Amino acid sequence: MTAAKHNWTKEEILKIYNKPLMELLYEAATVHRLHHDPNTVQVSTLLSIKTGGCPEDCGYCPQAARYHTHIEGNDLMSVTQVKAQALRAKASGSSRVCMGAAWRNVKDGEEFDQVLEMVRTINKLDMEVCCTLGMLTENQAKRLAEAGLYAYNHNLDSSEEYYKEVISTRGFEDRLETIGNVRKTNVTVCSGGIIGMGEKTEDRAGMLVALSTLNPQPESVPINALVAVEGTPLEDQKPVSIWDMVRMVATTRIVMPETQVRLSAGRTQMTREGQAMCFFAGANSIFAGDKLLTTPNPDVNEDMEMFEMLGLNPQKPFIKKMQPETVEAKDSEYAALGEKPKWSRPEHTIDRNEAAKQKAKTIK
Ligand code: SF4
């Protein structure tokens, strides 16, 4: 079994991505079988615990307050609501609940304390708990780890170069710093990106360089196909082709052999045959539930039907890593520090983000 390599170059990755498709698929499937059970797929349920009203300007995101989209915002959910949803997810075959909040960064205080309680509650249901809450300090990462967090998601989104064409309210280095803070704990890292935002193939390879040269590599890498939402700066992007998706999944599998490659947003635009090809190419995780934060996703029953047809089994929780212990708030080693970290705010002008913002002003 080959060990993960941490010095991939863009040229090497492009060479893999551009191989004749049958060779690429064969190589990816071979790597996949060496490191994973090809008939097991991890199923996560993504839960938007706080929707909309986000101050960031991510060009793909309908939750950014500055754009006019048709999503309904909501305040932070209660622990009871989250527990009920987690139990439903568990009953339908999910081993992990991923909670997303539309925040720029985590702020110490009541709301973060409430999220910590959600983490404790879901961990006690014997499910893996993941959070995606924006930028995070080291102390906050440690508090989440103590509460029993299994994974933290923080996507790099694209290559460092193309990132600047999509987001102006924070820098690529902030993403890496947050991932570094998570790595100072025993929480696993989930980090990937989106294809179909108008980036070049070189940018896709650049993102995979950034992820694969992390040491250790992320335990989970979500590959999203852009869902172009009306009102966002990327509303006119054409859907990404299934061939691009398969190539991206296969290349990710080859450069990060031990990682769980997650088929994320954009599955509703794919046929079952297309998804089957992605599983063959090394995808071994999906998000379940009828919504991915705010964009559509296949119905969970349809997914289970697809699993049965393809002979796939949902992965049991804590197969890759032991269940973290939950430390109750009163026994916690870490206190809220009320930190005001200096996350960057480049604020360069991205024309299409500016245009979408102006358009929203005329509508509102
Ligand atoms: S992707 Fe996250 S940080 Fe960016 S606008 Fe959407 S909710 Fe905010």
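Values quoted throughout were computed directly from the atomic coordinates according to the rules given, and no laboratory measurement underlies them. All of these numbers come straight from a predicted model, not from anything done at the bench. Virtual Cβ from ideal backbone geometry, glycine too; neighbours counted across all protein chains shown.
Pairwise alpha-carbon distances in the chain exceed 40 Å for 8% of all pairs.
Fewest Cβ neighbours within 10 Å first, please rank Lys320, Lys19 accordingly. Mind showing how you got there, number by number?
On the way: Lys320 15, Lys19 18.
Starting with the residue having the fewest Cβ neighbours, the order is Lys320, Lys19.
Summing +1 for each Lys or Arg and -1 for each Asp or Glu, what net charge is found among the other residues whose Cβ lies under 11 Å from the Cβ of Glu199? Each step should come with its number before you reach the end.
Values: positive: Lys200, Arg204; negative: Asp157, Glu161, Glu165, Glu202, Asp203, Asp244.
Net of charged neighbours comes to -4.
Past 18 Å, Cα to Cα: identify those pairs from Lys164/Lys359; Lys107/Lys342; Lys164/Lys200; Lys5/Lys200, in the order given. Please list the in-between numbers first.
Details: Lys164/Lys359 21 Å; Lys107/Lys342 13 Å; Lys164/Lys200 14 Å; Lys5/Lys200 24 Å.
Too far apart for the 18 Å limit: Lys164/Lys359; Lys5/Lys200.
The stretch between Arg88 and Arg352 holds 91.1 nm of extra length on full extension. This uses 0.36 nm per residue minus the Cα-Cα distance. Relative contact order of the chain: 26 percent, from C-alpha pairs under 8 Å at least 6 residues apart in sequence.
Quote the relative contact order of the range 5-117 in percent (integer), defining contacts as alpha-carbon pairs under 8 Å separated by 6+ residues.
Averaging sequence separation for qualifying contacts and normalising by length gives 28 percent for the range 5-117.
For the pair Ser78 and Ala3, the difference between a 0.36 nm per residue extended length and the Cα-Cα distance amounts to 22.7 nm. Determine the relative contact order of the range 110-160: mean sequence separation of Cα pairs under 8 Å and six or more apart, normalised by residue count, in whole percent. Here the relative contact order equals 43 percent.
Taking the highest mean first, how do the peptides 172-182, 104-114 order by number of other beta carbon atoms within 10 angstrom per residue? Please list the in-between numbers first.
Details: 172-182: 19.6, 104-114: 16.2.
Top of the packing list down: 172-182, 104-114.
Close amide H pairs (under 5 Å, H built 1.01 Å from N) link Met99 with Leu47, Cys130, Cys131, Thr132, residues at least 5 positions away or on another chain.
Each Lys or Arg adds one and each Asp or Glu subtracts one; over the other residues with Cβ under 12 Å from the Cβ of Ala210, this totals -2.
Around the Cα centre of the range 221-359, unit charges on the Cβ atoms of Lys, Arg, Asp and Glu (plus for the first two, minus for the last two) sum to a dipole of about 400 debye. Note on the range 199-303: the alpha carbon radius of gyration divided by the globular reference 2.2 N^0.38 Å gives 1.07. Put a dot 7 Å past the Cα of Asn39, heading toward its Cβ, do the same for Asn186, and the two dots end up 3.2 nm apart. If you check each cysteine of the chain for another cysteine whose beta-carbon is under 4.7 Å away, which ones come up empty? Cys54, Cys131, Cys190, Cys278, each lacking another Cys Cβ under 4.7 Å.
Within the range 1-97, the ratio Rg/Rh, alpha carbon atoms throughout and Rh by Kirkwood, equals 1.13. Each label point was placed 7 Å from the Cα along the Cα-to-Cβ direction; for Lys361 and Ser241 their separation is 4.0 nm.
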